[in-house]
Amino acid sequence: MDSFSRLVNPEPGDRPTYWLTRFLILRLLGFIYAIAFLVAIHQIVPLIGANGLLPVDMFLDRVADALGSRGAGFRRLPSLFWFGHSDSDLLMAAWFGFALSCVVLAGYCNAILLAVLWILYMSFVHAGQDWYGYGWEIQLLETGFLSIFLCPLLDLRPFPKRGPPFFIIGLFRWLIFRIMLGAGLIKIRGDDVWRNGTALYYHFETQPLAGPLSRWFHFLPRSILRAGVWYNFLAELVAPWFIFWPRIARYISGIVILLLQIILMASGNLSFLNWLTIVPALACFDDRFWSKLLPRPLVRRATNAIRIAEPSRPMMITSWVVTIIIAILSIQPVFNIFSPRQIMNTSFDPLDLVNTYGAFGSVGRERLNVVFEGTNDQAPDEKAIWKAYPYKGLPVDLYKRPPQVAPYQLRLDWQIWFASMSTADEYPWTLNLVYKLLHNDPDAIGLFAGNPFPEKPPRFIRAVLYRYSFAKPGNPNRRYWNRDLISDAWIPAMSTNDPRLTEFLKGYGWLH
């Protein structure tokens, strides 16, 4: 039997191969890296630049002071930005990462290139503070680290002479097992609405960034929404246990997991989380599966690569070593998964090599949203005309349908979603944002969808808290959203010379 026939219809006892699996994992990873670095290109300077909302130089100084030295800070939070973090340094790293990501996306990568991408993105995560505190950031680092060892050290070709080490494929399966099981267990433990099957009555409306189809999902029949909860548990609590089983069980498990990620992509804007979760799930499938789906020329290239493949002892030894390291580092995350005090989205080592994951352990029952407003009237009273700063993703205009944003991430919008459930005191950078809006700071304005004061800055800025809810389709006003005012003083009206504002900013070192 020739190589191609064996790939499509292997004889009993043939060991599965993963050349096409590796090809797909690395191409999708390159796409995700490209999106992640593109986000940094557009947003990193206004967020953590020298004049950003949370300047990185102040953050690194605080870390160094707390740990006793910059060297200790580097060991705790490894980042290239300890050695230079000017705005140009930040942008250069982002552009370099984006360029390398496009090379991987095009089909060319090796261990060195992937290691550089991993180090670059780790540098942003460890310096990004609140803006990079999401579970998918460390998930990308763990995924990116494993990908380094799928490839030869130097050979850049999509189908090199060295095959993907099976131990590394196994580590990708171990990763998707922990991602899914951790997400399921945190839900079971975290909120009654998951346990009683009503979570989706609220989730599509209250999730961080709704998408174009979120309202449609929200108004599905309750029976379908309850079935969606049980399917979620099927994908997160049952399917992971079959990831390490023989071929058919693995295929079914992988399909169940992939289908959940596709549904989540369609129903909201969860950054690149779902795309990233698909990456390790691809390891459930071998070349026999992909050969029936992918274009015949691509399958033939994989077949030819298998025919002339040469084993690599260094790659095999390296894969053993990496597996042992991951096994040791997995001890604490495994204890966490099965602990009644389970925490989610946490790293247990400075390099984020093995982490614990989980999402939506609790589901909000109402959607709160802080809206920044400005006025040029003499007095900021009830007679003043206030104009809202429109977000790029969060709702402000009651008649505007939510845009499709993911896999791109609007980091300001995400943090505002969190801040809306707390107070401005817990998110002090919101006062820094007020100050910048009072000065029409172009970087800060660029984080919004528009500037209601293009000619001159407003005299006063305030932040108002609203409760938003989906308007029923076909309503006579043709609204997409309804809203109720909760507080017109989440941040009270302030001007540039307001002593409350200036003293607060000086206290944080944001104003001199």
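The values are calculated or read from the model by the stated rules, or taken from the named source; none is laboratory data. Model, not experiment: these values are computed from the prediction. Neighbour counts run over all protein chains shown; Cβ positions are idealised from the backbone, glycine included. Areas reflect the complete protein model, heavy atoms only, side chains present, ligands, DNA and RNA absent. Shrake-Rupley method; radii C 1.70, N 1.55, O 1.52, S 1.80 Å.
Values as computed for the structure displayed
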| item | result |
| --- | --- |
| Residue within segment 133-141 that is of a type in the set (Val, Ile, Thr) and over 16 Å from the mean Cα position of the chain (by Cα) present | no |
| Hey, residue 150 touching a residue at least 40 places away in the same chain (Cβ under 8 Å), farther than 25 Å from residue 309 by Cβ and surrounded by 24 or more Cβ atoms within 10 Å (Cβ to Cβ) or not | no |
| Looking only at segment 363-385, and only at residues there that are of a type in the set (Val, Ile, Thr) and assigned to a loop (DSSP other than H, G, I, E, B), the one that is surrounded by the fewest Cβ atoms within 10 Å (Cβ to Cβ) | 385 |
| Residues being in contact with a Lys or Arg (Cβ under 9 Å, 6 or more places away or on another chain), open to solvent by 20 Å² or more (accessible area, probe 1.4 Å) and part of a loop (DSSP other than H, G, I, E, B) - total across segment 49-77 | 1 |
| Subset of segment 259-270 [open to solvent by 70 Å² or more (accessible area, probe 1.4 Å) and without any contact (Cβ under 8 Å) to a residue 24 or more places away in the chain] | 262 |
| Residue among 289, 360 that alone is within 25 Å of residue 255 (Cα to Cα), not in a helix (DSSP H, G or I) and not aliphatic (A, V, I, L, M) | 360 |
| Residue pairs meeting the criteria (Cβ under 9 Å; at least 6 apart or on separate chains; first farther than 19 Å from residue 454 by Cα, in segment 382-407; second open to solvent by 80 Å² or more (accessible area, probe 1.4 Å) and in a loop (DSSP other than H, G, I, E, B)) | 398/477; 399/477; 399/478; 403/392; 405/392 |
| Of all residues in segment 462-512 being in contact with a strand residue (DSSP E or B) (Cβ under 6 Å, 6 or more places away or on another chain) and part of a loop (DSSP other than H, G, I, E, B), the one that is most open to solvent (accessible area, probe 1.4 Å) | 495 |
| Of all residues making up segment 386-415, the number that are assigned to a strand (DSSP E or B) and crowded, with 19+ Cβ neighbours inside 10 Å | 0 |
| First in segment 465-477 and among the basic types (Lys, Arg), second anywhere and outside any strand (DSSP E or B), Cβ under 6 Å, 6 or more apart | 467/366 |
| Matching residues, segment 416-450, being touching a helix residue (DSSP H, G or I) at 6+ places or on another chain (Cβ under 7 Å), within 26 Å of residue 35 (Cα to Cα), open to solvent by 10 Å² or more (accessible area, probe 1.4 Å) and part of a helix (DSSP H, G or I) | 443 |
| Count of segment 304-356 residues which are part of a loop (DSSP other than H, G, I, E, B), of a type in the set (Val, Ile, Thr) and farther than 26 Å from residue 187 by Cα | 1 |
| Neighbours by Cβ (under 6 Å, 6+ apart or cross-chain): first from segment 121-139, polar (S, T, N, Q); second surrounded by fewer than 24 Cβ atoms within 10 Å (Cβ to Cβ) | 123/79; 123/80; 123/81; 129/54; 129/59 |
| Pair list, Cβ under 8 Å, 6 or more apart: segment 181-205 residue farther than 26 Å from residue 469 by Cβ and open to solvent by 20 Å² or more (accessible area, probe 1.4 Å), other residue outside any helix (DSSP H, G or I) and of a type in the set (Ser, Thr, Tyr) | none |
| Test for residue 256: is it in a helix (DSSP H, G or I), without any contact (Cβ under 8 Å) to a residue 60 or more places away in the chain and under 23 Å from the mean Cα position of the chain (by Cα) | yes |
